[in-house]
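None of the figures in this text is laboratory data; all of them are computed from the coordinates on show. Here the structure is a predicted model, which is why all the values come from computation and not from measurement. Heads up, the Cβs are rebuilt from the backbone with ideal geometry, glycines too, and the neighbour counts pull from every protein chain shown.
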Amino acid sequence: MYPDFPYRLYLVTDHALCMGRDFFWVVEQSLKGGVDIVQLREKSLDVESFIQKAEKLKVLCDKYHVPLVINDSVEVAKAVGAVALHVGQSDHSISEAQKIVGETYPIGLSLDKSEDYESPESSKAWYYGVSPIYATPTKTDTIYEWGLEGLSLLRKKTEKKLVAIGSIKTSNAAEIISHGADCLAVVSGICSAPSPAHAAEDFKKEIEKGLKHK
Ligand code: TZP
Ligand code: MG
């Protein structure tokens with residue numbers, strides 16, 4: 001049995017989008033503003049540097065009692081005792097990863113298109129990343145857009161928690177929640193915001209509005 005997933009605002013990090021500001025400052029501001037789960041997503045660090053950064057980030061997340069999730073790397077997740085791992089369709093499968101970290105270790109899975117939900121592996125996910133809701137310059141290799149319609153259809157098929165990602169702004173946050181997302185994952189909308197703390201606060205307010213219209 002996996003732990004519950006009560007989270008609503010998920011910061012997915014991208015150091016390149018922090019506008020030259022200190023990465024840990026940006027994350028801490030977002031935590032002050034109400035981010036309640038954080039994913040460290042690093043595409044170019046070697047394992048040793050990834051582990052060092054993850055260890056430092058875990059200390060920060062622990063201070064705010066917020067879980068740290070590691071993107072892609074089972075090795076890093078295990079080394080730093082992260083709460084969970086997040087994998088995409090082309091990463092380790094959940095079963096392979098759980099051979100290393102244990103079969104009850106929580107692993108979130110990105111669904112890149114509606115067929116991905118049908119794969120037997122998907123039933124082992126802790127939550128689904130609905131990826132992307134809308135195309136985004138932050139990740140240019142996506143193959144499909146779920147849109148509000150795809151999100152609503154997926155909502156009808158599963159009770160697992162749905163984490164929406166991709167071009168989520170305060171202007172569309174409430175409707176994405178009211179169409180079935182449980183949680184919003186945001187990169188540029190927080191990392192690049194003039195005030196990551198205020199951006200997170202604004203997202204939380206929009207999420208509350210969306211929840212009232214479910
Ligand atoms: N996976 C699907 S879209 C995306 C990821 C990591 C990036 C979302 O970035 P943004 O800046 O919130 O649109
Ligand atoms: Mg991946």
Note to self: Please check: in the Gaussian network model of the chain (C-alpha springs, under 10 Å), which one of Ser171, Ser122, Ser44 has the largest mean-square fluctuation.
What the structure shows: Ser44
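By how many nm would the segment from Ser119 to Asp141 grow when fully extended, if each residue of separation counts as 0.36 nm and the alpha-carbon distance is taken off?
Details: separation 22, 0.36 × 22 = 7.92 nm, distance 2.11 nm.
5.8 nm is the gain from fully extending Ser119 to Asp141.
Would you work out if segment 81-214 is rounded, prolate or oblate? Take a ≥ b ≥ c from the square roots of the eigenvalues of the alpha-carbon gyration tensor; rounded if a/c is under 1.5, else prolate when a/b is larger than b/c, oblate otherwise. List each step's numbers first, then the result.
Details: a/c = 1.72, a/b = 1.46, b/c = 1.18.
Here segment 81-214 falls in the prolate category.
For segment 135-202, just say rounded, prolate or oblate: build the C-alpha gyration tensor, square-root its eigenvalues into a ≥ b ≥ c, call rounded for a/c under 1.5, and beyond that prolate if a/b exceeds b/c, oblate if not.
On the way: a/c = 2.44, a/b = 1.47, b/c = 1.66.
It is oblate, given that a/c is not under 1.5 and a/b is not larger than b/c.
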Next item on the list: Find how many whole Å separate the alpha carbon centroid of segment 83-104 from the alpha carbon centroid of segment 1-25.
Entry: 19
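Classify segment 18-85 as rounded, prolate or oblate, taking a ≥ b ≥ c as the square roots of the eigenvalues of its Cα gyration tensor: rounded when a/c is under 1.5, otherwise prolate if a/b is larger than b/c and oblate if not. The partial results should precede the final answer.
Numbers: a/c = 2.00, a/b = 1.29, b/c = 1.55.
Oblate, since a/c reaches 1.5 and b/c is not below a/b.
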Item checked: By average C-beta atoms within 10 angstrom, highest first, the peptides 68-77, 88-97 -> 68-77, 88-97
Note to self: Going Cα to Cα from Lys212, which aspartates and glutamates come in below 12 Å? Please leave out same-chain ones fewer than 8 positions away.
What the structure shows: Glu175
Item checked: Dipole axis of segment 9-212 (+1 Lys, Arg; -1 Asp, Glu on Cβ), positive-most option in Val38, Gly88, Ser123 -> Val38
Note to self: Under a Cβ-only charge scheme (Lys and Arg +1, Asp and Glu -1), can you give me the dipole magnitude of segment 9-212 about the Cα centre, in debye to the nearest 20?
What the structure shows: 520
